[in-house]
1. From the list ALA197, ALA265, pick out the single residue that is at negative phi, surrounded by fewer than 16 Cβ atoms within 10 Å (Cβ to Cβ) and assigned to a loop (DSSP other than H, G, I, E, B).
2. State the number of residues belonging to region 125-146 that are in contact with a Cys (Cβ under 8 Å, 6 or more places away or on another chain) and either outside any loop (DSSP other than H, G, I, E, B) or of a type in the set (D, E, K, R) (or both).
3. For region 218-260, give me each residue that is among the charged types (D, E, K, R) and either outside the structural domain of MET275 (by TED's automatic domain parsing) or touching a strand residue (DSSP E or B) at 6+ places or on another chain (Cβ under 6 Å) (or both).
4. Looking at (1) in a loop (DSSP other than H, G, I, E, B); (2) crowded, with 19+ Cβ neighbours inside 10 Å, find the lone condition where ALA191 falls short.
5. Without any contact (Cβ under 8 Å) to a residue 40 or more places away in the chain, more than 22 Å from ALA291 (Cα to Cα) and either of a type in the set (S, T, N, Q) or not in a loop (DSSP other than H, G, I, E, B) (or both): is that true of SER65 in this structure?
6. Could you run through region 227-248 and say how many residues are in a loop (DSSP other than H, G, I, E, B), surrounded by fewer than 20 Cβ atoms within 10 Å (Cβ to Cβ) and of a type outside the set (Asp, Glu)?
7. Only one of (1) closer than 22 Å to LEU41 by Cβ; (2) surrounded by fewer than 17 Cβ atoms within 10 Å (Cβ to Cβ) is not met by VAL276, so which one is it?
8. Looking only at region 249-262, decide whether some residue is aromatic (Phe, Trp, Tyr), farther than 24 Å from GLY38 by Cα and not in a loop (DSSP other than H, G, I, E, B).
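The values are calculated or read from the model by the stated rules, or taken from the named source; none is laboratory data. All of these numbers come straight from a predicted model, not from anything done at the bench. Note that we place each Cβ from the backbone using ideal geometry, even for glycine, and neighbour counts take in every protein chain shown.
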Amino acid sequence: MNVFTQDGTENRMRWDRTTAGFMEVWYSTVTHRESGCGVWLRYTLTSPRAGTPYCELWGFVFDPSGERHFAAKQRLGIDALGSSNGRDDGALVRIGDAWLSETGMDGRLTHKGRELKWSMSFEPSQRTFWHLPPQLRHRMEGRVSTVCSPNLAVPFHGDVVIDGERLTFAGEPGCQSHRWGKKHSETWTWAHCAEFAEEPGAVFEGLAAKANLGPVPGPTVTYVYLRYQDQDLVFNDFRSALRAKSRYELPRWAFSATNDQWKIAGAARARTDQMVQVEYTDPDGSSRHCANSEISDLGIEIYRRDASGWKHEGSLTTLGGAHLEFGQRLPFRELPVSF
């Protein structure tokens, strides 16, 4: 099942700097092992159907102790896209003085007298993970959007500094992804984890979404991947997606997925007091609301088929090491809208 590619170009900018009705985002998440803080960084551009294009820089830190919470979102004119500060290491995207390259990222945000800075490096992965089956990628890009993770779980090195307090990363596995297209789905949930207690090398990436295809409401589809004991457990093809099931409602996502050899069942959850709600504006002018926590919990049960049926192979759990997001058109009533 072709969920990985190796051409090394999937982070390149897709916007041609002229087309209207287009959005693009590069986002990264990583957990600081010593403090348990989760970091979410986002470089975005939006070219509305009507209006002037713009770009945004986002930075969020979620602290389980509550001491280092930080949230900021800065909008800049499109002329800030591509400006160089001379330290960008061959940037793929630059927004003002902030940049993201194939080997790292750097940036700074201020909000209400507070400051967040980051300077991180990573070694690029040799393969890109695709969330959608090959047959759907171009169709969804043209109608809604598509997403991939050029760096699904690679060691991050460097610093994130919140109001002068430094969090140093020394090889924690971080995720860097890329999304582009015309709009967000009607509803969605997403989870990622590379910090399981039972197996340090395990990686989970999951996405469930519902998109309208024209006037017809589409079904909820679920795409799930797990790296387990150095094996790729893939549930992202059409057949597996038809058998996968999801139930998501803030603050919990329950899912199950099956292929010919493996079955997994799990649940992710967050505390609403450790989440932030942000409003997205799609290129068509409609709104989406995202509720995100980078310090969520996740548990997965793993089964393998043998001659007698399904046999339980193991469990994976994390408390605070998962990244979890929910999205929909209307605001989530449980949370204030921060931005």
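1. Numbers: ALA265 fails: assigned to a loop (DSSP other than H, G, I, E, B).
Result: ALA197 is the single residue among ALA197, ALA265 that is at negative phi, surrounded by fewer than 16 Cβ atoms within 10 Å (Cβ to Cβ) and assigned to a loop (DSSP other than H, G, I, E, B).
2. Our first condition is that a residue be in contact with a Cys (Cβ under 8 Å, 6 or more places away or on another chain); within region 125-146, this holds for 128-131.
This time we only want the ones that are either outside any loop (DSSP other than H, G, I, E, B) or of a type in the set (D, E, K, R) (or both), so: 128-130.
Selection size over region 125-146: 3.
3. Looking only at region 218-260, we keep the residues that are among the charged types (D, E, K, R), and these are 227, 230, 232, 237, 239, 243, 245, 247, 249, 252, 260.
Of everything in region 218-260, those that are among the charged types (D, E, K, R) and either outside the structural domain of MET275 (by TED's automatic domain parsing) or touching a strand residue (DSSP E or B) at 6+ places or on another chain (Cβ under 6 Å) (or both) turn out to be ARG227, ARG243, LYS245, ARG247, ARG252.
4. Only one criterion in (1) in a loop (DSSP other than H, G, I, E, B); (2) crowded, with 19+ Cβ neighbours inside 10 Å is unmet by ALA191, namely (1).
5. Numbers: without any contact (Cβ under 8 Å) to a residue 40 or more places away in the chain: yes; more than 22 Å from ALA291 (Cα to Cα): no; either of a type in the set (S, T, N, Q) or not in a loop (DSSP other than H, G, I, E, B) (or both): yes.
Answer is no for this residue.
6. Here the count works out to 1.
7. (2)
8. Looking for residues that are aromatic (Phe, Trp, Tyr), farther than 24 Å from GLY38 by Cα and not in a loop (DSSP other than H, G, I, E, B), one finds at least one in region 249-262, hence yes.
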